[in-house]
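Data block below; observations after.
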Amino acid sequence: MKKKITRRTFLQIVAVAGAAGGCWQLGLFTGDARLQVARRSQPIMGTYLNLTVYGKDRDACEAAIDRTINRMKGLEAILSRHMPTSQVATLNSTGRLDSPDKDLLELLGLSAGLSERSDGAFDVTILPVMNAHSEFAGKYADSSGAITQARTATGYRYLAANASSVQFQKTGMGITLDGIGKGYIVDQGVAALKAAGFHNVCVDAGGDLMVAGAKPDGSPWRIGIRNPRIEQPMEPVSVKVINRAVATSGDYFQPYTADFRNHHILDPRTGFSSPDLASCTITAPTVGLADGLATAVMALGRDTGLELLESLDGCEGYLIDKQQRNSHSSGFFS
């Protein structure tokens, strides 16, 4: 959830029988002249929200758009570290937050579980290290000791959260939900559309998406996987999904060095990027989980990342390393 358009380039929500933008280009949807369409585009979460809803009644489509936008903007106001009045910003500035919102607690619970399962490769307390990299961008080594010092203020086990409060147990700590928060918000956008009566939906966040139901003809959605090195040809790859979330992380979204060796996805255990992967595409039951797993697997690397995926029910992955070699979990294409 960054203020600049970096990790994600656009947010697109689609409902019922249609899609907009990239989904049309992928051939995910077929048209139905009997359906009404309502579209909206506006900035949100540091990107642009392009929302298209199809249904038999245009007023109902517009109402669904309004409810979805309000829900997502409300979550942004709670979870974004960039908004000075958000609960996350309050926590980061004071070290303690009383009466946390239930969505923040739910997301922190999901994050903590993923931290445990990944042996710390995913950690929302990575913010001090990220800030250190912003001051020393382009460095391969910690010659100044800034990264080592920043790492002393991290550790997911030092983040205490319950219904009464969230607080840091170390000085100088801070959290970022950039690696999982947008996926969670997409999940809530899908839930808002379903609550409005739209049950066949695709919510696309430029790398994070959810498809619920199937296409109008009953066939599964086909999602393309981006080539992480567009200057180097790669055989097109796609995966068919029904009622699945898909999320992609890659070193190309925000590189710190021109050769992609160091980028915005940092391994909390070292303070630097893992040298192994160029991109990772995850399918999972929810976008929040897929988003977090994509971040974790990028840090873990191919072998350990695949081991993690094989241990999780309903989670699969397609990995591309920096030499353009690909590998995937056993059930990714099934």
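Data for the structure
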| read-out | value |
| --- | --- |
| Search result, residues across segment 86-118 that are open to solvent by 20 Å² or more (accessible area, probe 1.4 Å), among the hydrophobic types (A, V, I, L, M, F, W, C) and under 16 Å from G74 (Cβ atoms) | L105 |
| Scan of segment 174-192 for residues that are open to solvent by 10 Å² or more (accessible area, probe 1.4 Å) and in contact with a Ser or Thr (Cβ under 7 Å, 6 or more places away or on another chain), ordered by number | G179, D187, A192 |
| Elements of type strands (runs of 3 or more DSSP E) contained in segment 236-334, each with 2 or more residues being within 25 Å of I147 (Cβ to Cβ) | 244-250, 277-284 |
| Number of positions in segment 49-70 that are surrounded by fewer than 18 Cβ atoms within 10 Å (Cβ to Cβ) and either touching a Gly at 6+ places or on another chain (Cβ under 9 Å) or of a type in the set (V, I, T) (or both) | 1 |
| Flag for G197 being open to solvent by 10 Å² or more (accessible area, probe 1.4 Å), assigned to a loop (DSSP other than H, G, I, E, B) and touching a residue at least 60 places away in the same chain (Cβ under 8 Å) | yes |
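To keep it simple, each residue is scored yes or no on (1) among the polar types (S, T, N, Q); (2) open to solvent by less than 10 Å² (accessible area, probe 1.4 Å); (3) at negative phi.
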site	(1), (2), (3)
G250	no, yes, yes
A258	no, no, yes
H264	no, no, yes
T270	yes, no, yes
C280	no, yes, yes
G288	no, yes, yes
L300	no, no, yes
T304	yes, no, yes
E316	no, no, yes
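The values are calculated or read from the model by the stated rules, or taken from the named source; none is laboratory data. Remember, it's a predicted structure, so these values are computed and weren't measured experimentally. As a convention, Cβ positions derive from the backbone with ideal geometry for all residues, glycine included, and neighbour counts pool all protein chains shown. In case anyone asks, the SASA skips ligands and DNA or RNA and just uses the protein heavy atoms, side chains included. Shrake-Rupley method; radii C 1.70, N 1.55, O 1.52, S 1.80 Å.
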